[in-house]
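Below is one structure, written out as structure tokens, with a few remarks after it.
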Amino acid sequence: MAEAVMNFLNTTLGWVTGALDMPSARAQVFGFQIGGHLFIEVFLLVVILFLLSQKSYKPPKRPLTNKEIDELCDEWVPEPLIPSLNEEPYEPPVLESAAGPHTVINGKEVVNFSSANYLGLVGHKKLLDSCSSALDKYGVGSCGPRGFYGTIDVHLDFEARIAKFLGTPDSILYPFGFSTMFSAIPAFSKKGDIIVADEGVHWAIQNGLYLSRSTVVYFKHNDMKSLRETLENITSKNKRIDKLRRYIVVEAVYQNSGQIAPLDEIIKLKEKYKFRVLLDESNSFGVLGKSGRGLTEYSGVPIEELDIVTADMGHALAAEGGFCTGSTRVIDHQRLSSSGYVFSASLPPYLASAAITAIDILEENPELLSKLKNNISVLWKELSKIPGLKITSSKESPIVYLRLEKSTGSQKDDLCLLEKIAQRALEEDSVFVVVSHRSTLDKCRLPVGIRLFVSAGHSESDLWRASESLKKVSAQVLGGHN
Amino acid sequence: MCPYTFKDCFGRPISSAPDAWFDVVERYSNDNNKTLKRSTKVSRCLNLGSYNYLGFAAADEYCTPRVIETLKKYSPSTCSTRVDGGTTALHNELEKFVASFVRKPAAIVFGMGYVTNSAILPVLMGKGCLIISDSLNHNSIVNGARGSGAVIRVFQHNIPSHLEEVLREQIADGQPRTHRPWKKIIVIVEGIYSMEGELCKLPEIIAVCKKYKAYTYLDEAHSIGAVGKTGRGVCELLGVDTADVDIMMGTFTKSFGSCGGYIAGSEEVIKYLKYTCPAHLYGTSISPPAAQQIISSIRVILGEDGSNRGAQKLAKIRENSNFFRSELQKMGFEVLGDNDSPVMPIMLYNPAKIPAFSRECLKHNVAVVTVAFPATPLLLARARICISASHSREDLMKALQVISKVGDLVGIKYFPAEPLKQYQDGKAVKYD
């Protein structure tokens, strides 16, 4: 057996060597000796190349057939467009007359603390006269955006007037106060920039921050220590900090708590860490400062230190719309890139003319400011004595903000209690105050509370009435609750 | 939007009401258009640029006295949000009126049209939802969609078959990366597209959306009040039942001569919006005189003021638009837009022709609006004409004359003009 295998092997070997040693195998090409083994090598090379060129095995792609897509589409069930509401939404009281310091609700006259009518200009004769003449001349609407014949001379007059009043080179007028901040922020801050904002800013600013796609860092509400730490953190951690634009966004008087921002400290921090400041003066314009020029006058900071100042005209100026003021370059940039300005119809001319008249009245009657300051301090003193409610707003803020001393733990229940208080105050004592309602989209986590907007048009007796009523009602509601 | 060289073509101030004829303030510049200063000179021009479709822009005999009365009663502003102390009896009346005009169960009104879109979409849509919007939608819709955090997909302008394709693909694929099914899908279209003048193909789009269970959102900023037999917008014009459109949005700036925007929908939707929409909770309520202007102008349109001025206005705007468009086309201009649409863009194509067209027309006392990048693609610049019911036939003839002359000068008659009209005695008269 072994012999047969050996014989077989020998003959195969002899055959192979014979084939390799064949005369044709010993050719000479280009001076190289080609042995027969070269054919084997070439053959192996060809086999290797063939295997490499084969595609690796991939499972075949099977796109969904039309029938399968149809089935998926039939199976898919969308959620309802809106989630079902478990409770009835809050129905606000309906005013039957102008929203002045006194107004009529359900046929009864009430003292109105729910309108941000700080200078008491609602119903002022001069304002109404200038509006009537503007309505006769221009009609109601402006029928076009600012770029396309919607710029009416009263708009330009107002912009010049407000710039002169505040001492800035230029200003720009927006058709709606709400849209001012959420158009101004994305016009300047883009993806990759850094914004440090107070956690208590209102929704329009939050939306502007979101739309700008910048990195937003919030600091503790009105806490300068937290702001300093945040700025320190950002500047030390970020190596590319010098190449990025950096902003601090604060409000002068916070809508959500009534606190006043310490502008001089913010300016010091801004200079140290080289940030730019955007200030929203909706509730401080026409209120703070010796002549009503806002937080800059009140804190003694020159307005040139601030880069962008915005304000809503629906508060002290008793008109509608908003404006933004700053250096010429800042304003010119917004005229081309601010979406709420370029893509929207402009402010109705009668409102611009009302605002100009309001500024005139403010300049001619500085006693309105002192009356307002007096009213605020009287009310603040009285309301700080209410058991169960605590004032969180600053002493000079025109928004007096009361929150529950002992929270129930859930915002919804707090809101319920506060609404009861406000409702009873309205029904029993004809004092109209409001509770801060929050949207589900609002990120602000500050406690809810009762807000009173103080006006220069309120008399001392109105203030007494309000404080007595709140004392009585809160004792009843909170005492019963406890 | 524009370099300094033709800055004077945009933002021209006016010093009168934006009616059919208005006063354009002349501006001069000492530094090559870097800054433009107002002069005291004005020129009386024909207004082809303002959105004044039904002619309510200036003082109106029915509306203005009522507006002034409301001004005296309620003052120009309530200084308060709707949910605080800004809801007056007038606001509630306005909402009921708008709902009945638009033929929906309920409506909610805001102080500004732009904010209406930007603040509603984040409330309705959130993470895990899909927004499919037309490629030429307005900036406010784009902003609102971005602010909502939902995924945005775009379908080719006004092509329902592409919308169907996108819907099928998206429902089958699900959310990106996780492939979970979408929570909800909403399709956003406009009634009349402001840069094209086209009507949206609403019946086909609604049919597609119903088939795939997507919600629909119709933005009627330019079409409400301007089209339709009784001015109720594209739904009336195209015969679509308003119950098929989930949310209808519109603005009052164009046809009603006022300001503000509205959303109309079912009672539940409006209740939910009143509960949580930020524009309702935090934005100042609409100015009472503006609200009264809307109510009065709707009354005029419906004929409830005792006259037939409303019907006359609606017929006039339709007649004017169709006449103007056909005449321009006969002259050889390339005019976009559908019949009955009061918006007609005249193509210029070359951006260098924009200042030429605009300035020459102004020299002849016709004020036109020219649109450049980025509102339109760079090489598709156009001049956009907005016809109004307050334009008389003579006004239109003058406009046609001037536009034809300037068109020849600038060279924008891209199509051959219609053959010259022949008179009986064989003499050809230039049809100008």
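The values are calculated or read from the model by the stated rules, or taken from the named source; none is laboratory data. Every value quoted in this text rests on a predicted model; they were computed, and no experiment measured them. As a convention, Cβ positions derive from the backbone with ideal geometry for all residues, glycine included, and neighbour counts pool all protein chains shown.
Quick look at the values:
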| quantity | calculated |
| --- | --- |
| Filter pass, A:VAL309 being under 30 Å from A:VAL216 (Cβ atoms) and either aliphatic (A, V, I, L, M) or modelled with pLDDT under 90 (or both) | yes |
| Answer residue from region A:119-133, given it is surrounded by fewer than 24 Cβ atoms within 10 Å (Cβ to Cβ) and not basic (Lys, Arg) and is nearest to A:PRO366 (Cα to Cα) among those | A:GLY120 |
| A:THR408 under 30 Å from the mean Cα position of the chain (by Cα), away from every other protein chain (no Cβ under 14 Å), more than 28 Å from A:ASN106 (Cα to Cα) and buried (at least 17 other Cβ atoms within 10 Å of the Cβ) | no |
| Count of region B:229-286 residues which are charged (D, E, K, R), at the interface with another protein chain (Cβ under 8 Å from one of its Cβ atoms) and touching a helix residue (DSSP H, G or I) at 6+ places or on another chain (Cβ under 7 Å) | 1 |
| Filter pass, A:LYS274 being at positive phi and of a type outside the set (Phe, Trp, Tyr) | yes |
| Unique residue being surrounded by fewer than 24 Cβ atoms within 10 Å (Cβ to Cβ) and either under 30 Å from A:GLY100 (Cβ atoms) or within 7 Å of another protein chain (Cβ to nearest Cβ) (or both) when the list is B:LYS37, B:LYS7, B:LYS72 | B:LYS72 |
| The one condition in (1) more than 28 Å from the chain's Cα centre (by Cα); (2) assigned to a loop (DSSP other than H, G, I, E, B) that A:ILE421 fails to fulfil | (2) |
| Residues (at pLDDT 90 or above, farther than 15 Å from B:VAL402 by Cα and of a type in the set (A, V, I, L, M)) located in region B:318-338 | B:VAL335 |
| In region A:295-337, the residues that are part of a loop (DSSP other than H, G, I, E, B), hydrophobic (A, V, I, L, M, F, W, C) and crowded, with 19+ Cβ neighbours inside 10 Å | A:LEU306, A:MET313, A:ALA316, A:LEU317, A:ALA318, A:ALA319 |
| Which listed residue, of B:ASN339, B:ASN322, B:ASN365, is touching an Asp or Glu at 6+ places or on another chain (Cβ under 9 Å) and surrounded by fewer than 18 Cβ atoms within 10 Å (Cβ to Cβ) | B:ASN322 |
| Options A:LEU478, A:LEU463, A:LEU452; residue that is more than 14 Å from every other protein chain (Cβ to nearest Cβ), under 11 Å from A:PHE113 (Cα atoms) and crowded, with 17+ Cβ neighbours inside 10 Å | A:LEU463 |
| Candidate set from region A:286-341 (those that are within 14 Å of another protein chain (Cβ to nearest Cβ) and free of Cβ contacts under 8 Å to residues at least 12 places away in the same chain); member that is farthest from B:GLY283 (Cα to Cα) | A:ARG329 |
| Count of residues meeting criterion [of a type outside the set (Lys, Arg), touching a Pro at 6+ places or on another chain (Cβ under 6 Å) and more than 22 Å from B:ARG146 (Cβ to Cβ)] in region B:168-214 | 4 |
| Residue in region A:355-362 that is free of Cβ contacts under 8 Å to residues at least 60 places away in the same chain, of a type in the set (D, E, K, R), surrounded by fewer than 21 Cβ atoms within 10 Å (Cβ to Cβ) and under 30 Å from A:SER130 (Cβ atoms) present | no |
| Matching residues in region B:50-69 - criterion: being within 15 Å of the chain's Cα centre (by Cα) and more than 7 Å from every other protein chain (Cβ to nearest Cβ) | B:TYR53, B:LEU54, B:GLY55, B:PHE56 |
| Test: residue in region A:236-257 that is among the small types (Gly, Ala, Ser) and part of a loop (DSSP other than H, G, I, E, B) | yes |
| Residue match in region B:172-193 (condition: touching a Phe, Trp or Tyr at 6+ places or on another chain (Cβ under 6 Å), without any contact (Cβ under 8 Å) to a residue 24 or more places away in the chain and at the interface with chain A (Cβ under 8 Å from one of its Cβ atoms)) | yes |
| Test: A:SER142 is within 22 Å of B:ALA57 (Cβ to Cβ) and crowded, with 23+ Cβ neighbours inside 10 Å | yes |
| Positions within region A:149-172 being within 7 Å of chain B (Cβ to nearest Cβ) and either touching a residue at least 24 places away in the same chain (Cβ under 8 Å) or surrounded by fewer than 24 Cβ atoms within 10 Å (Cβ to Cβ) (or both), in sequence order | A:THR151, A:ILE152, A:ASP153, A:LEU156 |
| Neighbours by Cβ (under 6 Å, 6+ apart or cross-chain): first from region A:69-90, within 7 Å of chain B (Cβ to nearest Cβ); second in a loop (DSSP other than H, G, I, E, B) and not hydrophobic (A, V, I, L, M, F, W, C) | A:CYS73/B:TYR212; A:TRP76/B:PRO181; A:PRO78/B:LYS184; A:PRO78/B:LYS213; A:GLU79/B:LYS183; A:GLU79/B:LYS184 |
| Criterion violated by B:ALA107 - all others in (1) within 7 Å of chain A (Cβ to nearest Cβ); (2) under 20 Å from the mean Cα position of the chain (by Cα); (3) at pLDDT 90 or above satisfied | (1) |
| Near pairs, Cβ below 6 angstrom, 6+ apart or cross-chain, from region A:430-444 (at positive phi) to any residue that is surrounded by fewer than 20 Cβ atoms within 10 Å (Cβ to Cβ) | A:SER430/A:LYS108 |
| Subset tally (residues that are surrounded by 17 or more Cβ atoms within 10 Å (Cβ to Cβ) and within 15 Å of A:ALA466 (Cβ to Cβ)) for region A:420-429 | 6 |
| Strands (runs of 3 or more DSSP E) wholly inside region B:321-422 containing at least 2 residues that are touching a Ser or Thr at 6+ places or on another chain (Cβ under 9 Å) and without any contact (Cβ under 8 Å) to a residue 40 or more places away in the chain | B:381-386 |
| Residues satisfying the stated conditions in region B:151-193, i.e. within 23 Å of B:THR251 (Cα to Cα) and surrounded by fewer than 22 Cβ atoms within 10 Å (Cβ to Cβ) | B:HIS157, B:ASN158 |
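Yes/no per residue for (1) within 25 Å of B:GLU236 (Cβ to Cβ); (2) at the interface with chain A (Cβ under 7 Å from one of its Cβ atoms); (3) at pLDDT 90 or above; (4) in contact with a Cys (Cβ under 6 Å, 6 or more places away or on another chain):
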site: B:ASN92; (1), (2), (3), (4): no, yes, yes, no
site: B:GLU95; (1), (2), (3), (4): yes, no, yes, no
site: B:GLY111; (1), (2), (3), (4): no, yes, no, no
site: B:THR116; (1), (2), (3), (4): yes, no, yes, no
